[in-house]
Amino acid sequence: MSDWWRILFAVLIWPGLLGGALLGWLLLWSTRKIMARLQGRKGPPFYQPFFDFAKLMGKKTILPRGTNRIIFNALPLVSLISVTFALALIPVPGNPMKSFNGNLILLIYLLEMPALCDILAGFITRSLYAQIGAAREAVLSIGYNLPFLTALIALAVHAKSTNLQVIMAAAPGPAIIFVAIALLLSIPARLRSNPFSIPNAESEIVAGIYTEYNSKPLAVFELVHGLELTAMVGLLGILFLPFTHNPMVSVAIYLLGAVVLVGLTTGLAAATARLKVQKAFSFFWSWGAIAALLAVVAVVIW
């Protein structure tokens, strides 16, 4: 397989758009199903996320008054393209794309694009609810990126490389514990799950950032959310799961890790109430900062 075919397969099939969407929808369904069971409800069927996406794609787009049509439609597409290419960079089992120096830096930039697009989407619609959600997302992203980015930088420093494949193969020893804590602290906020579901608090600001979004643009934003979940699962998987040379075993380990992560985040969401944005920001710049600092110190010492 030539390099171009490897790239196309990774971007469009696995772990990119098609595979990432199917896994993301499955994980989103698992989240809703687990939450329903914890609350004594039955929950939706496994195909519900796909039906929701298909229904939105079939609706007519209503443009809010005073909104630029091009920007309104472009932001979800930019977000989708960014997270799709981010998925293609993660060397999960079955990814044929070759890893290269600097792909960690590119991955970080691509993973930040959906949050930036969300913030812009909230402001361009001129909705008060969307603007409040966008402002909350902007503040929250400054908070959760402290432990998230610091942990990834610590791993790169330890491996003396920004190549994800090299970082994956490196053995950080005891430092991996603090790196894992720093990353896990940021995951619920990146996925807007309780207690950090502040930008999309339905009981306070309707649908938050997406209040004025509908039909196809909203469907793409919902798809991006599923792809982001797949990306977080893949990133944590390559850093902490013991993959083997057997492809089937590696895929099984990867899927098991995905289920565990979804179970933990859903359990946390069910057991906690939504924080205020000030409390969430303080949490990441206190406990998150401590976890990030310990990760750096541990990497330097060991």
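Only the coordinates and a few stated rules stand behind these numbers; no lab work does. Keep in mind the model is a prediction, meaning the values are calculated, not measured. Cβ: placed from backbone, ideal geometry, glycine included. Neighbour counts: every protein chain shown.
Counting only other residues whose beta carbon sits under 13 Å from that of A115, what net charge do I get with K and R as +1, D and E as -1?
With Lys, Arg at +1 and Asp, Glu at -1, the net is -1.
With the radius of gyration and the Kirkwood radius both derived from the Cα set of the chain, what is their ratio Rg to Rh?
0.96
For the chain, what is the relative contact order in percent, using Cα pairs closer than 8 Å and at least 6 residues apart in sequence?
28 percent.
Helix 48-57: angle to the longest alpha-carbon principal axis of the chain, degrees 0 to 90, nearest 10?
50 degrees
Any chance you could give the angle, 0 to 90 degrees and rounded to 10, that helix 289-301 forms with the longest Cα principal axis of the chain?
20 degrees
Let me know the charge dipole size of the chain about its Cα centre in debye, to the nearest 20, where only the beta-carbon of Lys, Arg (+1) and Asp, Glu (-1) is charged.
For the chain, the charge dipole is close to 620 debye.
Using a cut-off of 12 Å between beta-carbons, work out the net charge of the residues near V277 (Lys and Arg +1, Asp and Glu -1, V277 not included).
Values: positive: R136, R274, K276, K279; negative: E137, E204.
Here the charged neighbours net out to +2.
With label points built 7 Å along Cα→Cβ from the Cα atoms of I290 and F240, find their separation and express it in nm.
For I290 paired with F240, the spin-label model returns 1.9 nm.
Using a basic spin-label model with each label point 7 Å from the Cα along Cα→Cβ, how many nm lie between S282 and N101?
Those two pseudo-labels are separated by 4.6 nm.
Could you state the angle between the C-alpha long axis of helix 3-12 and the longest principal axis of the C-alpha atoms of the chain, as a value from 0 to 90 degrees rounded to the nearest 10?
Its long axis makes an angle of about 50 degrees.
Can you work out ³J(HN,Hα) from phi for every residue in the stretch 64-73, in order, using Karplus 6.51 cos²θ - 1.76 cosθ + 1.60 and θ = phi - 60°, giving whole Hz and x for Gly and Pro?
The phi angles translate into x, 4, x, 9, 6, 4, 5, 5, 4, 7 Hz.
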